[in-house]
Amino acid sequence: ALGTLYFTSGAQTLNNLTINRTSGGTATLGSNLTINGTLTVTSGDLLTGANTVTLASTGSLSEPSSSIVLGNITTSRTLSTIANETFGNIGIEVYAPGAAAGATTVTRVTGTAKTGSGHSSALRYYSIAPTVNTGLNATLVYHYNDRAAELNSIPEANLKLWESFDAGTTWSIGMIGTLDANANTVTVSAQPSLGMWTLGNSGSPLPVELTSFNAKVSGKTTQLSWTTATELNNYGFEIQRSKKSSESFEKVGFVNGAGNSNSPKSYSFSDKNLANGNYVYRLKQIDLGGEYKYSNEVEVIVNSTPKQYTLEQNYPNPFNPSTRINFSIMNPGLVTVNIYNAIGQVVKTISKTYSEAGSYSVDFNGTTMPSGIYFYKLQSGSFSQIRKMMLVK
């Protein structure tokens, strides 16, 4: 039998420590502990209780799947853009080529579950606090122990990552990450920032049951549609879009949810005036308590190359003081749009740029010009066209 381990003056720094208890045995810390070398858990568990094990910058952890440090363990390392950091082998790996995150503290807590939208996580989470926490483009590898006491009744095949960026107050239970059950890891990539991470059950019923999410393209518009079977405390859906090449999502719209519903609901959103390219969309479903989760992603290709050159009539016309001019070009090249007065003098150039084939809009503001008849001309390669417009003040 081994009681509680106390160290001098309530805390102690050791070079190396090995815990080797009979199977099923434990050792409990009665004070904080810092390890400069290696903390090895050969057999049994080391329980930290209310205390913390700190791995110094040279410290590392060695624990088999049958024995672990149960409780709090933390370390700080410098996270660069050129190397994968394992943080002393406490179970998290980060590679962040997008930005130098600098000094980064990781705290691992085992034996405690988190709750997101009424669902419990596995009994392990990691809190990651970089000095710089934007533009990281990080790949994160989350290691877990597959013994039943940690999985918290979650089938291993169902494990997916949850994330929180407010110290665990709210959780995104979007169920992301690639599971490797043989290696006991879940991996997620292209993360602009890092926060708190844990594992949840991808098979758990969610507050909003999304039954479909589809996208189709018409010209320069993506039409999104989705349906729900049931909804609980559903505030609404934030529509997010990414160029496939960038993998960085931005908000492009919001659609209110039904709140509470036991019947199917249908939703739609139109994303207009898109340039040619590949786009990826996802929904961020937000509940009334501020928690959120992400849908699966859908991809579309916008290729709305016009079949002819066109210069449309400005709208509104007459105008005061602003109007919009729409035009289309079928071949790439230098595109110029000039404004002329009634005697043929150029009074303003509102566009002169190299443009790919596609449809465009430019705005003209006549605040400083007198009322009268004006002309606007589109010139692209050998094509040119002139239309008349009227400024009335």
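The values are calculated or read from the model by the stated rules, or taken from the named source; none is laboratory data. Since the model is a prediction, treat every value here as computed from it, not as a measurement. Because the Cβ atoms are built from the backbone with ideal geometry, glycine has one as well, and the counts that use them run over all protein chains shown. Surface areas here come from the heavy atoms of the whole protein model, side chains and all, with no ligands, DNA or RNA. Shrake-Rupley method; radii C 1.70, N 1.55, O 1.52, S 1.80 Å.
Per residue, the range 238-393 exposes an accessible area of 55 Å² to a 1.4 Å probe, with every protein chain left in place.
Legend: P(r) of the range 1-102 from all alpha carbon pair distances, 10 Å bins from 0, whole percents, reading 16, 45, 27, 11, 2, 0.
For the Cα trace of the range 119-219, dividing Rg by the Kirkwood Rh returns an Rg/Rh value of 1.02.
The modelled label-to-label distance between Val347 and Thr13, using points 7 Å beyond Cα along the C-beta direction, is 7.8 nm. Determine the percent antiparallel among the DSSP beta bridges restricted to the chain, to the nearest 5. Given both bridge residues lie in the chain, the antiparallel proportion sits at roughly 80 percent. Placing one equal scatterer on every Cα of the range 208-343 and applying the Debye formula, the log10 ratio I(q)/I(0) at q = 0.13 Å⁻¹ is -0.71. Provide the FRET efficiency to the nearest 0.05 for the Ser57-Asn296 pair, computing r from the beta carbons and using R0 = 35 Å. After rounding to 0.05, the efficiency reads 0.30. Place a label point 7 angstrom from the Cα of Ser304 along the Cα-to-Cβ direction, then list the residues of the range 330-361 whose backbone nitrogen is under 15 Å away. Answer for this model: 330, 356-361. Only one of the values (1) 49; (2) 28; (3) 72 was calculated from this structure for percent of Cα pairs over 34 Å apart; name its label. The listed entry that was calculated here is (1).
Modelled spin-label separation between Ser355 and Met390, with each label point placed 7 Å from Cα along the Cα-to-Cβ direction: 2.7 nm.
Let me have the 222 nm mean residue ellipticity of the chain computed from DSSP H runs of 4+ only, each contributing -39500 (n - 2.57), with the sum over all residues rounded to the nearest 500.
Counting only the DSSP helices, I get 0 deg cm²/dmol.
Residue ranges 342-351, 149-158 sort as 149-158, 342-351 when ordered by packing (mean number of other C-beta atoms within 10 Å per residue, highest first).
Taking a straight line from the alpha carbon of Lys220, these aspartates and glutamates sit under 13 Å away, with near neighbours fewer than eight places off in the same chain left out: Asp271. Restricting attention to the range 277-393, the count of lysine pairs at 8 or more positions apart or across chains with alpha carbons under 30 Å apart stands at 13.
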